[in-house]
1. Once segment 415-504 is represented by equal point scatterers at the alpha-carbon sites, with solvent omitted, what log10 I(q)/I(0) does the Debye formula produce at q = 0.12, 0.13, 0.14, 0.22 Å⁻¹?
2. Quick one: angle between helix 80-93 and the longest Cα principal axis of the chain, in degrees between 0 and 90, rounded to 10, please.
3. Tell me the mean residue ellipticity at 222 nm calculated for the chain from its helices only (DSSP H runs of n ≥ 4, each -39500 (n - 2.57), averaged over every residue, nearest 500).
4. Note down the Stokes-Einstein diffusion coefficient of segment 184-277 in µm²/s, whole number, using a Kirkwood radius over alpha carbon pairs, 25 °C, and 0.890 mPa s.
5. Just going by the charge dipole of the chain, with Lys and Arg at +1 and Asp and Glu at -1 on Cβ, which of LEU347, LEU145, ALA310 is farthest out on the positive end?
6. Select from ASN482, ALA218, ALA59 the residue farthest towards the positive end of the dipole of the chain; place +1 on Cβ of Lys and Arg, -1 on Cβ of Asp and Glu, and compute about the Cα centre.
7. From zero up to wherever the largest Cα-Cα distance of segment 231-298 sits, split into 10 Å bins and tell me the percent of pairs in each.
8. For the chain, take N as its residue count and report Rg(C-alpha) divided by 2.2 N^0.38 Å.
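Every read-out reported here was derived from the displayed coordinates using simple, explicitly stated rules and does not represent laboratory data. Predicted, not measured: the structure shown is a model, and the values here were computed from it. Note that we place each Cβ from the backbone using ideal geometry, even for glycine, and neighbour counts take in every protein chain shown.
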Amino acid sequence: MRRFIIFLISAVTLACSASIPSYAQNAKAVDNALIDAVALFDRQDYKGALQLLKPLAAAAPDNDAVFYYMGLCSIYTNDAESAETYLQEAARIDPSNFWYRDWLGRLYTATRRPELAIEVTEKLIKDFPKNTELYYSLVNLYAQLGKPEKMLATLDEIEAVQGKSEAVTMTRYDVLMRMEKAEEAFKALEKFNDEFSSPVILSAMGDYRLSQYEDSLALTCYKEALNLDPDCGQAAVGVAEAYRIRRSYPEFFGALTDFVTNGNLALEPKTEYVTMVFQRAEPQFLKNFRPQLDTLIETYLAQAPTDSTALQTAGSYYYATARNDKATEKLARGAELYPASLSSRALYVQLLSYSENWKELADESEKAFAAFPDEPAFLQYKSIAHYNLQDYAGVIEDNERIIAKAPGDTAVTVPALATIGDMYHLLGESKKAYSTYDKVLKLNPTYVPVLNNYAYYLSCEKKNLKKAYAMSKITVEQEPDNSTYLDTFGWILYLQGKAIEAKPFFKHAMLYGGKESATVLDHYAEVLYALKEYDLAKVYWNMAIKKDTEHEIADLESRMKAKLEAVGK
């Protein structure tokens, strides 16, 4: 059953007796047993409390408290159906009791039945019209059902009971904005502000003005809010945003510095805004204002030099501005200070990967996995490091450990086995590679990365081309625009003496990235040569030579020269 959570006001803890007497015709025994059950309930022994309460329900069917506590115990043992039955019975016995009906309404809300919760809440409001919490609950329930008009009407009722407030006004503003009644929403803010001075409302007015590109009016609202409350973070951010939008950068950085150095404001809003500034900024802005941004970041970090979030933010900034050494310094510091912080360790590992610091990545990934043994992603990063260090045996070991952490989970096992197969091939152990690929295909017969690699390696050995063809055919059917898979399938057709059939696959590959691969270009040239399209073959061979900057195709130039000379080209 889906877990549901309801906050509970604990009953007063009472003494617990040792045994349950016979309840028949004995009201005192019932009361004593109920006291014992409540004591168990307060100690969070809900099952034990239910064992005492169930016989009481049979012995005293008109005791509303018994059914009430049975309902609460059922809530905490995740038995919503029984909880509903018991609470309904308690409310039936004593319909005047607020808590019985209130908890029934909360149960309906927790189990996602807002219509029933609304019915209960509306009736409670009639009986308890001064309880404003009921009105707020009703607003939330109408929001779940998407009934903004009902929400507005209920907000009016709240104001009739308790008068105007920031909370009601802001809720009304949000509802009207969602209804696309922007002018009416803004007038609601203005009306409140005419009667009461509120930095919260003024900040919201400033945000609205700014959204309408009325930066001067927005600044007026924000500054008035700050006059009322110098520690109003929303207004402080608004001032900075207004200056940024009008490109008044000296004022922008001044306002932002004031914001981040305000010791009365929490770190979280500072982090959110500072991060937004550099993440959304255009490259030219980051370049032109790097000194100011550097000063800002160091000023921000100085407010909490050992805070993990601040260190992560500073590290992210330096990475975004291509200064990996400084980024590594900040994130390494965070990982050192907070070895038990998953996010600190993960960000540091990710940065080492982006920075291609393979040796450090391998070491740090192992340390992180030792600290968080339920996070195999760290082993995956270690595997990436070993691959780039050309430690293929290490990659195999990493992926074997990944599989051991999730036995039977094909989402983990299949890609890990596929990687192991690829590493065996790089180590020159083809039999082990093919055996591993066979294991993958037993688990997932249509896993295209393995189907493609298996087929291609067979084609390179010119072995079992029938099997290679069948596997490769599946890959181009599943991903018809993948140039790598098109190349494999086209090459197998060529090796089978079907150059005419192969050509369309290579032509298609050229449209989807094939021109970026020297191997694909070389294969296409061979197909064209076989079809006696010698001039076109020469064009693609020359393209292949330009792309093969690492000289991975050892005989490319000599083979092209010999073949073209043989046909007088």
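1. -0.33, -0.39, -0.45, -1.04
2. For helix 80-93, the angle is close to 10 degrees.
3. Working: 32 runs with 428 residues, N = 569.
Estimated from H runs of four or more residues: -24000 deg cm²/dmol.
4. 185 µm²/s
5. Most positive-ward Cα: LEU347.
6. Final value for the positive-end residue is ASN482.
7. 21, 60, 19, 1
8. 1.43
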